[in-house]
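The values are calculated or read from the model by the stated rules, or taken from the named source; none is laboratory data. Keep in mind that this is a model prediction, so the values were computed, not measured. Glycine gets a Cβ as well: all are built from the backbone with ideal geometry, and neighbour counts include every protein chain shown. When the accessible area is computed, the model is the full protein with side chains, heavy atoms only, and any ligands, DNA or RNA have been set aside. Shrake-Rupley method; radii C 1.70, N 1.55, O 1.52, S 1.80 Å.
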Amino acid sequence: MMTPKDVLRHYLQEARDTMLWKLEDLGERDIRRPMTATGTNLLGLVKHVTGVELGYFGQVFDRPAANAPAWLDDGEDNEDMWATADESREFIVEQYRSAWAHSDSTIDALELDASGTVPWWRPESRAVTLQRILVHVTSETARHAGHADIVRELIDERAGLRPGVSNLPSGDAAWWREYRERLQKVADSFDA
């Protein structure tokens with residue numbers, strides 16, 4: 001039987017794996033392309049969740065990572081949301097996997113009720129436990145995995161929960177076209 005910590009780690013790892021899966025089979029241009037008005041892109045999302053893990057499982061529990069990437073401290077707005085030309089896919093993925101290892105060592109070392117402090121939260125909310133941070137980081141990673149799913153669908157129309165499990169109806173291209181047209185017709189029946 002899984003312990004509560006095991007359950008939390010399972011869902012965190014599932015969200016992590018989804019983040020990396022969304023990069024598969026795409027070229028460098030596509031994983032870097034800003035696909036929304038705010039510049040959301042696949043590699044930037046992976047870079048961002050790397051920083052999330054290092055901050056929450058490192059700084060919050062006074063367990064800083066030895067080799068944290070320099071961009072965590074540079075302070076440029078949105079620097080963690082895109083990869084520079086010098087930051088390869090392999091580099092960003094390696095940083096993310098390194099962050100997982102660091103986070104997992106914190107999770108292994110501490111009990112769920114271990115105390116930490118989130119200095120960037122409001123003063124009345126800063127005192128946290130490992131359990132709260134596990135839930136928070138899992139939620140944030142899953143949220144960004146959802147962003148990645150939509151961005152990936154915008155790039156090549158591939159969507160889904162994880163390899164082999166799309167959680168989508170199994171309709172063919174004609175079915176999806178008719179479905180989308182039906183939704184558009186309903187939307188168009190309302191004033192703009």
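Numerical summary
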read-out: Tally, over the stretch 86-121, of residues that are open to solvent by 100 Å² or more (accessible area, probe 1.4 Å) and either touching an Asp or Glu at 6+ places or on another chain (Cβ under 8 Å) or closer than 24 Å to residue 38 by Cα (or both); value: 2
read-out: Pick from the stretch 125-151, criterion more than 13 Å from the chain's Cα centre (by Cα) and in contact (Cβ under 8 Å) with a residue 40 or more places away in the chain, ranking: farthest from residue 5 (Cα to Cα); value: 128
read-out: Filter result (open to solvent by 70 Å² or more (accessible area, probe 1.4 Å) and over 19 Å from the mean Cα position of the chain (by Cα)) within the stretch 71-85; value: 73, 74, 76, 85
read-out: Residue within the stretch 19-32 that is open to solvent by less than 50 Å² (accessible area, probe 1.4 Å), closer than 23 Å to residue 159 by Cβ and in contact with a strand residue (DSSP E or B) (Cβ under 8 Å, 6 or more places away or on another chain) present; value: yes
read-out: Number of the exception - residue 39 against (1) open to solvent by 10 Å² or more (accessible area, probe 1.4 Å); (2) in contact (Cβ under 8 Å) with a residue 60 or more places away in the chain; (3) farther than 16 Å from residue 138 by Cα; (4) not hydroxyl-bearing (Ser, Thr, Tyr); value: (2)
read-out: Filter result for the condition that a residue is open to solvent by less than 50 Å² (accessible area, probe 1.4 Å), over 20 Å from residue 12 (Cβ atoms), at pLDDT 95 or above and in a helix (DSSP H, G or I), over 133, 155; value: 155
read-out: Some residue of the stretch 10-17 being at pLDDT below 95, surrounded by fewer than 16 Cβ atoms within 10 Å (Cβ to Cβ) and within 27 Å of residue 119 (Cα to Cα); value: no
read-out: Test: residue in the stretch 25-42 that is closer than 25 Å to residue 134 by Cβ, among the hydrophobic types (A, V, I, L, M, F, W, C) and in contact with a Gly (Cβ under 9 Å, 6 or more places away or on another chain); value: no
read-out: Condition broken by residue 62, with the remaining ones in (1) exposed (fewer than 15 other Cβ atoms within 10 Å of the Cβ); (2) more than 25 Å from residue 5 (Cα to Cα); (3) without any contact (Cβ under 8 Å) to a residue 60 or more places away in the chain satisfied; value: (2)
